[in-house]
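Just below is one structure, and these are the notes that go with it.
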Amino acid sequence: MIGDAAHIFPAEDGLFEETFSTENTYRVHGLNIRIQQDYSASLGVAASVWDSALHLCQFFEKESLDLSGTRIIELGGGTGLVGIVAARLGAHVTITDLPSAVCQIERNIAVNTPLSGWPSDGPTVSALAWGLDHRRFSSSWDFVLGTDIVYLPETFPLLLDTLVHLCRDGAVVYLASSMRREHGAQDFYDRMLPQMFGVELVHRDPESNINIYKATLR
C-alpha cells in the first residue's frame, strides 16, 4: 500500500532544499494550539499549516458548531491542527494522512494534550491513502473534514471514493480549499463532488480566495 501511495501522492523533492522545523502558536476557539512544522522533501505540503485550516476552525467558531461528543475523521491532516482543535472541543477524532506525516501529527497531539486531560479522548492518528485502503475505516462518522486537500487532479477520483465510503452512514463533509485555478479545485467542487454529493458553498473569502464547502451524500 505504501508503495502505491507514494506513486499516487509523490513527495515533492524540490519543495524544500533544507530540512528545518518551526513552532508557531495559533489562537482559535479561545485555545492556544502549538504546532511544530517539519519542513522537508519527505513531508512536502503536509509540513505546513495552510490558511484554509485556520479558516475552517474560525468558521466552526463563527457558526457556534457544537462538536462535543461528535465522531470526526480528518483527511490529509498534515500538522493535525484542525483535528487537535476539534478534540480540544470534545470531539472523538481520528486524524489521517500518508505514513510520512503520522509522526509530525503525533508530536503535535502530545504537546497540545491538556494538563487536565482531553474532554472526551485524545485524537488517534492513522495512515490513509485515498482510494487504496479507505475500507479499513468505519463509515460511522458525524463529520469528515479536510483542508487544502483538493490540489492534485489525478487524486480527485480517489478522494471521491474515500468520501463516499466514509459518509455512508450520514456524515457531513466540510472541505476548505484555496481555489487555485492551476490545481483544478473549482472543477472538483462544480463537477466531480456533485456526482455523489449535495454540495453547498457555506463560506467564501475573496481576499484569501478560500472557500468552504458542505457536502452530504445523496
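Couple of notes before you dig in:
- For the residues 213, 151, a 1.4 Å probe over the protein chains yields an accessible-area ranking, largest first, of 151, 213.
- Given a 1.4 Å probe and the protein chains as shown, residue 66 ends up with an accessible area of around 110 Å².
- Between the residues 130, 212, 176, the greatest Cα displacement towards the positive end of the dipole of the range 111-218, with unit charges on the Cβ of Lys, Arg, Asp and Glu, is found for 130.
- Sites residue 58 and residue 113 - FRET efficiency at Förster radius 25 Å, r taken between beta-carbons, to 0.05: 0.60
- Summing charges over neighbours of residue 74, with a neighbour being any other residue whose Cβ is under 13 Å away from its Cβ, gives -2 when K and R count +1 and D and E count -1.
- [x] 23, 22, 18; [y] 30, 19, 17; [z] 46, 20, 17, with the label sought being that of the calculated semi-axes √(5λ) of the Cα gyration tensor in Å: [x]
- Heavy-atom accessible surface of the chain: percent carbon and sulfur, 1.4 Å: 48 percent
- If you take the Cα centroid of the range 176-202 and the Cα centroid of the range 126-156, the two points sit 15 Å apart.
- Å² of accessible area per residue within the chain, as computed with a 1.4 Å probe and no ligands counted: 46 Å²
- Each other residue within a Cβ distance under 14 Å of residue 88 adds +1 if Lys or Arg and -1 if Asp or Glu, for a net charge of -2.
- Between residue 152 and residue 186, the simple spin-label model (points 7 angstrom out along Cα→Cβ) gives 2.4 nm.
- Rounded to the nearest 20 debye, the dipole magnitude of the chain is 600 debye, with +1 charges on Lys and Arg beta carbons, -1 on Asp and Glu beta carbons, and the Cα centre as origin.
- Estimated [θ] at 222 nm from DSSP helical runs (n ≥ 4, -39500 (n - 2.57)) normalised by residues in the chain, nearest 500: -7000 deg cm²/dmol
The values are calculated or read from the model by the stated rules, or taken from the named source; none is laboratory data. The structure displayed is predicted, hence computed values, not measured ones. No Cβ is skipped: glycine too gets one built from the backbone with ideal geometry, and neighbour counts run over all protein chains shown. Surface areas here come from the heavy atoms of the whole protein model, side chains and all, with no ligands, DNA or RNA. Shrake-Rupley method; radii C 1.70, N 1.55, O 1.52, S 1.80 Å.
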